[in-house]
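Each remark here refers to the structure printed beneath this line.
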Amino acid sequence: MNKIFFVICLILFGSAFSAHARLFDISEYTLSNGVKLLVVPNHKAPIVKHMVWYNVGAVDEKPGKGGSAHLLEHLMFRGTENIPGSEFNRILQQNGADSNAFTSQDFTAYHQNLDISRLELAMYMEADRMQNLKFSPTDFETERDIVYQERKQVVENQPLSAFSENMQRSLWQDHPYAHPVSGTETEILNLTPDDVMDIYRRCYAPGNAVVVLAGDIEPETAYRLAEKYYGKVPPRDTGNRIVFPAVNPTLKSRLSMELPRVELPRIIRRYMADSYNTDAGRIYALAVLSRYLGEGDTSALYKELVIRRELALDVSSSYNYASRSYGSFNIAAVPQNGVSVEELRQALDEAVADAVDAIDDEKIAKIKNKMLAGLIYLKDNPFDAAYIVGSLYSIGMSREDIENYADNIRKVSAGNVREAAQQLLKNYAVVEGVANPEKAHD
């Protein structure tokens, strides 16, 4: 349940998409109590993806209460007075539905894949636990132990995960993004039921929820059912949202660690980057830049370092702008056997600089065409559509900007991409991490 979902990668596929086409044909409603409803019809099969997104994540936790948002996600499956204990999943499974959830820095989401005939059941159950969560002391202890064991298994016993957390702390400093979604082991063990219920009371309210339905349903029917179930949940005041602290854009740091059970060294550069909420106009150029630099085996860095110079086994880039504060831009490389980290670092510097210098209209047109070609398939899968629409809307992207993603990519020029690259590489905080295999000791 602690899956951290970076959905934005799905929409950066590699020009069958017609001009001015709406990406999803989203219907948007606001229920009487403040719940937002988004509907993406797809009538190819009698199935639906049902999601409830809460605008609350690890950034909303109080100091010292790390992991409380994630633990609450677990406890949401422990029932209410109407559906006690572990009946929630059992009932859905009996009705052929898959049910799960995940927590990130910025939001928490609950979701089911189900036959359309079972949609009302899922809506009733989600609306019930939106307002009537109830768990026993035993349930709390059990789930806290599960979360603690997850932390040990996924982070403490996975050297690269622990390394990534150290990079996050180095980059974000005093910003809430520096804190792990899971919380630390000490924080988890010190959490109390009151800590979890504090998050629930503050943030699990109708005005803080987005319901997404993607699949075999008409918008009017979806709205009627949503009012029937979610519309009956009493509205609650969620108080003031977190105000993110200022960041240090000049931060440049390096982190080097020797890690057990790591066979090959790797270089990871993590940049603080603009997101939709810090500079909505720049995200499209950065998305094109990421695709151009290192997404796939035809990207500029891959062709230079892996194919032509044979210095790297792999090189990649990624960009996440679906966040409530700043986003992040990553460049990573793994050296070939016999190639030192320092040699690859120097070659990576050269390759990035050369790739940026080589940006021109023809190259950017090809990249944009590949990105646009992939967009046509997004609506075909209601499960992907629900994830993408829900995550982007939850961090504040408007329906219009989600629908107009293709048009905004088309508008990106080579000059826009070059400028975005120069800003990213020169004017934004960055931490470079080097993960080396642990040396054998006599």
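The values are calculated or read from the model by the stated rules, or taken from the named source; none is laboratory data. Since this is a predicted model, take the numbers as computed values, not measurements. No Cβ is skipped: glycine too gets one built from the backbone with ideal geometry, and neighbour counts run over all protein chains shown. Just the protein is used for accessible areas: all its heavy atoms, side chains included, with ligands, DNA and RNA removed. Shrake-Rupley method; radii C 1.70, N 1.55, O 1.52, S 1.80 Å.
Odds and ends about this structure:
- Separation between Cα centres of segment 307-347 and segment 374-442, rounded to whole Å: 16 Å
- Rg ratio for the chain: its Cα radius of gyration over 2.2 N^0.38 Å, N being its residue count, equals 1.02.
- Residues of segment 51-81 with amide N under 15 Å of the 7 Å Cα→Cβ point at Tyr124: 80-81
- Full-extension gain in nm, Leu264 to Asn240, via 0.36 nm per residue minus C-alpha separation: 4.0 nm
- Pair Lys44, Ala178: separation of 7 Å Cα→Cβ label points (nm): 4.6 nm
- One chain, two ends: Asn190 and Lys411. Fully extended at 0.36 nm per residue, the span grows by 74.5 nm beyond their Cα-Cα distance.
- The residues of the chain present an accessible area of 42 Å² per residue when probed at 1.4 Å with all protein chains retained.
- Applying 1/(1 + (r/R0)^6) with r as the Cβ-Cβ distance of Lys134 and Glu220 and R0 = 35 angstrom yields a FRET efficiency of 0.55.
- A helix-only calculation puts the chain at -11500 deg cm²/dmol for mean residue ellipticity at 222 nm, using -39500 (n - 2.57) for each DSSP H run of at least four residues, averaged over all residues.
- Part-to-part distance (alpha-carbon centres) for segment 211-267 and segment 19-83, which is given in Å: 9 Å
- Peptides 337-350, 57-70 ranked from most to least packed give 57-70, 337-350, packing being the mean of other C-beta atoms within 10 angstrom over each peptide's residues.
- A cut-off under 12 angstrom between Cβ atoms defines the neighbours of Asp360, and their net charge, with Lys, Arg +1 and Asp, Glu -1, is 0.
- With the charge dipole of segment 20-147 set up from +1 on Lys and Arg Cβ and -1 on Asp and Glu Cβ about the Cα centre, the Cα lying farthest toward the positive end among the listed residues Leu37, Ile146, Phe107 is that of Leu37.
- For segment 66-170, averaging the sequence separation of C-alpha pairs within contact (under 8 Å, six or more residues apart) and dividing by the residue count gives a relative contact order of 28 percent.
- Of all DSSP bridge pairs formed entirely within the chain, close to 75 percent run antiparallel.
- With both labels modelled 7 Å from their Cα along Cα-to-Cβ, the Asn436 to Asp380 distance reads 4.8 nm.
- Near Asn330, once Lys and Arg are set to +1 and Asp and Glu to -1 for all other residues with Cβ below 15 Å from its Cβ, the sum equals -1.
- Rg in Å to one decimal, and Dmax rounded to a whole Å, for segment 38-149 via C-alpha atoms: 14.9, 48
- Using a probe radius of 1.4 angstrom, the carbon and sulfur fraction of the accessible surface of the chain is 48%.
- Within segment 91-111: backbone nitrogen closer than 19 Å to the Gln149 label point (7 Å, Cα to C-beta): 101
- Potential lengthening of the chain between Asn89 and Asn337 amounts to 84.5 nm, from the contour at 0.36 nm per residue minus the alpha-carbon distance.
- Flagged links, alpha-carbon separation over 28 Å, of Lys62/Lys152; Lys49/Lys134; Lys134/Lys379: Lys134/Lys379
- Highest average packing first - 377-388, 259-270, Cβ atoms within 10 Å: 377-388, 259-270
- Solvent exposure, largest accessible area first (probe 1.4 Å, DNA, RNA and ligands not counted), of Arg418, Arg129: Arg418, Arg129
- Spin-label pair Ala365/Leu160, simplified geometry with 7 Å Cα→Cβ offset, distance in nm: 3.8 nm
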